[in-house]
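First comes the structure, then the notes that go with it.
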Amino acid sequence: MKLSICIVNYYSERELGRFLESIAVYRPEHLFEVIVVDNSQSGIQSLKAEFGDWLHIIDSFKNVGYGQALNRAVKKAKGEYVFLCNPDLEAQDGSFQKLLHFADRTGEFGIIGPKLLFVEGGIQDSCRRFPNCWDLMIKRLGLSRWFPGRMEQYLMKHKKPDEQAEVDWLVGAALLMKRDTFQALRGFDERFFLFFEDTDLCRRCWEKQLSVMYYPDATFLHTRQRLSESAWPGFWIFKKVFWIHLISAGKYFWKWRKRSSE
């Protein structure tokens, strides 16, 4: 089998349904499977009757976190490659084939990420430099306008969105890896319940001299804003997700404290 598409669902049944429909329309040319780990106990087993034998569903019976859920999916995966992703994507014509062809041509690599396009228009800033506390504070407190140079560097604004590039890390909404590479790295660090598991995985790839690459010829629609972002940052202090993000940030900086970017 060539590809295992691994998805985590958490009360995103509508988005998941659209993604599965787009996979059915723009399915890879090679043999593939889709593995959905349901962290929400939302009863999505009925989707199997609609989409057939290529769809497999794993019930977590509780929210085990994003990284742990994907680790479970990869343990069941049979594909040479695994596509680790959110349910709020929509495949486009050639999305998977372009990624797979590029991966086959590349040989040894760590992670490849496609270009993500918002449904309402615009390109998601999915390429990042490794962060330090200052970068996250500026972004979280909405201070980017006062520190535009710093944010342009962190979000790699100098990079043209239609040019292939090696990057420090990629937003974890859509990541392609060789299954053997993912397993050799022991998957996502499950100490990160949510957030920073993608940053950490990319960093461990670079530590093993495995490149992390942005490949814009393959595109996916991304229908939802990143959970760690908000139009008015001041309200985040009242949301549980803010504190999850803060805890994960602390774990990340502690883990990499001797090698943190300046």
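Table for the structure above
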{"quantity": "Helices (runs of 4 or more DSSP H) contained in segment 141-228 and holding at least 2 residues over 16 Å from Asp125 (Cα atoms), out of contact with any His (no Cβ under 7 Å at 6 or more places or on another chain) and not β-branched (Val, Ile, Thr)", "calculated": "179-184, 197-207"}
{"quantity": "Tabulated pairs, segment 54-80, first touching a residue at least 60 places away in the same chain (Cβ under 8 Å) and over 16 Å from Gly172 (Cα atoms), second charged (D, E, K, R) and in a helix (DSSP H, G or I), C-beta under 8 angstrom, 6+ apart or interchain", "calculated": "Ala77/Arg179; Gly79/Arg179; Glu80/Arg179"}
{"quantity": "Pairs where the first residue, in segment 118-129, is in contact (Cβ under 8 Å) with a residue 60 or more places away in the chain and the second is among the hydroxyl-bearing types (Ser, Thr, Tyr) and not in a loop (DSSP other than H, G, I, E, B), C-beta under 6 Å, 6+ apart", "calculated": "Cys127/Tyr214; Arg129/Tyr154"}
{"quantity": "Of all residues making up segment 15-49, the number that are under 19 Å from the mean Cα position of the chain (by Cα) and over 28 Å from Asp180 (Cα atoms)", "calculated": "4"}
{"quantity": "Every residue from segment 133-156 that is surrounded by 14 or more Cβ atoms within 10 Å (Cβ to Cβ) and either under 25 Å from Leu185 (Cβ atoms) or among the basic types (Lys, Arg) (or both)", "calculated": "Asp135, Leu136, Lys139, Arg140, Arg150, Tyr154, Met156"}
{"quantity": "Selected residue (criterion: surrounded by the most Cβ atoms within 10 Å (Cβ to Cβ)) from residues of segment 11-56 that are at pLDDT 95 or above and of a type in the set (Ser, Thr, Tyr)", "calculated": "Ser22"}
{"quantity": "Number of the condition not met by Val64 [criteria: (1) surrounded by 22 or more Cβ atoms within 10 Å (Cβ to Cβ); (2) not in a strand (DSSP E or B)]", "calculated": "(1)"}
{"quantity": "Cβ-Cβ under 7 Å pairs, at least 6 apart or on other chains, segment 85-106 side assigned to a loop (DSSP other than H, G, I, E, B), far side small (Gly, Ala, Ser)", "calculated": "Asn86/Ala173; Pro87/Ser12; Asp88/Ser12"}
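The values are calculated or read from the model by the stated rules, or taken from the named source; none is laboratory data. Note that this is a predicted model, so its numbers are computed, not measured. Neighbour counts are summed over all protein chains in view; Cβ atoms, including those assigned to glycine, are modelled from backbone coordinates with ideal geometry.
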